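Student: Here it is, the structure in full.
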Amino acid sequence: MAAVSSIPKAMSEEPRAPRSRADDPGGSGDNVPFYTVTEVSQAVKRTVEGAFGRVRIRGEISRPSFPSSGHCYYRLKDENAVLDAVTFRGMRRTLSITPEDGLEVVATGRLTTYAGKSTYQIIVESLELAGEGALLKLLEERRKKLAAEGLFAAERKRELPYLPEVVGVVTSPTGAVIRDILHRLAERFPRRVLVWPVAVQGEQAAGQVAAAIEGFNALPRDGAVPRPDVLVVARGGGSLEDLWPFNEEAVVRAAAASEIPLISAVGHETDTTLIDHAADRRAPTPSAAAEIAVPVKSELTALVGDLSGRLRAAAWRGLTDRRTRLEGLARGLPDPRRLVEDKAQRVDDAGARLTLAVGRYLRQERDRVAGLGGRLPHPRQQVRLARERLDAAASDLSQAGARELERRQERLLRLDAGRRLPAGIARTHEDARRRVAELGRLLESYSYQRALNRGFAVVRGEGDEVLTRAAQVTAGQRLDIEFADGRRPAVADGETAGKSQTGGAAKPAKRRAAKTTANPGGQGSLL
């Protein structure tokens with residue numbers, strides 16, 4: 001009865017006429033007024049919402065669900081109780097974290113009831129991680145998840161350029177971080193710096209940092225804005241909550257996908273974020289990132305000078321070593337004068353042998369030519385053969401000329417005869433003249449007159465027969481001797497050819513004179 005009597009107090013804001021006994025369907029006859037279920041639910045709803053207009057509740061998320069409507073349903077629980085929670089679609093997009101099972105959070109919203117199930121629930125408007133322990137737990141789970149995808153693998157790391165032309169910096173443009181980076185770059189090696197301003201703390205920071213990394217990578221290499229050779233993502237120190245944007249998946253994935261080598265410089269040396277694992281290099285501080293990005297100019301100048309000196313010393317040392325080795329090798333070589341003398345002697349010997357060989361070759365050729373003199377064909381036969389070859393050549397030339405003439409006539413019909421005919425006729429005459437001259441030289445080369453010009457003679461007997469052997473000649477035989485400049489008759493004497501060949505005594509001059517006198521015709525003797 002105590003619970004029932006309290007209802008009118010909650011419903012005092014909406015008075016209504018009490019129901020009479022006649023309105024009582026049960027006919028119990030009790031004077032206590034009754035209420036409908038809806039009236040009681042509304043009264044409870046007003047009481048709960050009036051007493052808990054806006055609350056913050058700490059608990060562990062359990063059994064989250066995401067239906068197709070876009071709303072999010074889950075429970076908040078602790079050791080002793082469970083509270084239903086819902087985040088509607090419009091508010092879900094503003095949550096800084098996504099509800100996950102086992103995550104300890106602080107939910108901010110308003111309590112209300114749901115009459116359809118006679119339950120009460122909290123409509124969550126924002127979620128925050130409850131304490132650093134929950135953040136670390138979420139951080140570790142996210143790190144394991146991204147590591148399993150290979151985003152932190154060592155083989156994905158890229159080498160930083162030794163001396164970048166342009167350095168891209170992703171940081172807040174108003175903090176001390178950018179000033180420290182610019183100061184360190186100016187001290188070490190001044191480079192061109194492009195700053196992409198972003199928020200480094202708050203709900204919008206993660207999206208802006210990821211967009212900046214992707215934006216730098218999207219710049220064309222030959223565009224108006226130069227594409228950086230190295231990127232630096234920097235932020236000063238802070239709590240775990242302050243550095244949380246650099247633990248978001250969007251930032252980590254953008255850093256891992258960056259084609260430009262990236263240096264992470266978030267927080268102090270003891271601070272570690274997930275972007276440090278995905279970056280190509282991690283710097284303990286923003287100033288250290290500037291030191292990693294560029295070398296010291298003075299040290300580089302000194303290094304170049306030192307290397308130049310070492311190069312000159314090495315070159316001089318190499319030349320000295322080679323000179324020493326050459327001198328040592330030269331001492332082992334023989335005396336060049338003796339080598340030259342030996343080669344000169346060899347040349348003299350070869351020259352002497354060459355002289356003898358040339359003389360021997362000339363004698364052999366002279367003997368061979370002398371032997372050929374007795375085997376020369378008859379001049380008439382040579383002339384006949386040459387005439388036959390000339391006739392054949394003339395016939396071939398006539399046929400070829402006829403064919404060529406026909407072909408030239410056909411060409412003349414197509415070409416300008418007045419311009420090309422004289423030159424063609426001249427060439428034809430020249431070719432014919434040249435061929436006749438060649439045939440004449442060939443005929444002359446076959447003629448026995450060449451041998452007669454060298455001192456030989458042709459001996460003919462009766463019937464103009466050429467005599468090539470001494471045994472063919474008999475005593476008193478009339479002979480005809482042809483020289484290079486003409487013919488002379490002669491009569492063979494009575495001596496045999498054998499005596500002449502064996503070196504018999506020469507006939508006395510008187511006997512030769514007597515025979516000459518006895519010849520009334522004045523014909524001389526060959527032998």
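Laboratory data are not the source of any read-out in this text; all were calculated from the coordinates shown. Treat the numbers as computed from the prediction; the structure is a model and nothing was measured. So basically every Cβ, Gly included, is an ideal-geometry build from the backbone, and we count neighbours across all protein chains shown.
Student: Let's test the formula: R0 of 60 Å, r as the Cβ-Cβ distance of Arg389 and Arg353. What FRET efficiency results, to the nearest 0.05?
Tutor: Computed FRET efficiency for Arg389 and Arg353 comes out at 0.85.
Student: If you rank Leu329, Leu412 by fewest surrounding Cβ atoms within 10 Å, what's the result?
Tutor: Lowest to highest Cβ neighbour count: Leu329, Leu412.
Student: Could you order peptides 225-235, 450-460, 341-351, 433-443 by the average number of other Cβ atoms within 10 Å of their residues, highest first?
Tutor: Those peptides, ordered most packed to least, come out 225-235, 450-460, 433-443, 341-351.
Student: While we're on this one: Determine the gain in length on full extension of the stretch Arg435-Glu149; use 0.36 nm per residue of separation and subtract their C-alpha separation, reporting nm with one decimal.
Tutor: Gain on stretching Arg435 to Glu149: 93.6 nm.
Student: How would you rank His429, His183, going from fewest to most other Cβ atoms within 10 Å of each one's own Cβ?
Tutor: His429, His183
Student: Moving to a separate point now. How much FRET efficiency would the formula 1/(1 + (r/R0)^6) give for Arg221 and Leu333, where r is the Cβ-Cβ distance and R0 is 60 Å, rounded to 0.05?
Tutor: My answer for the efficiency is 0.50.
Student: Which order do Thr272, Thr468, Thr285 fall in if you start with the one that has the fewest other Cβ atoms within 10 Å?
Tutor: Thr468, Thr272, Thr285
Student: Can you tell me the length gained on complete extension of the stretch Leu136 to Glu203, counting 0.36 nm per residue apart and subtracting the Cα distance?
Tutor: 22.3 nm
Student: Given labels modelled 7 Å from the Cα in the Cβ direction, how far is it in nm from Ser308 to Glu165?
Tutor: Spacing of the two 7 Å Cα→Cβ label points: 2.4 nm.
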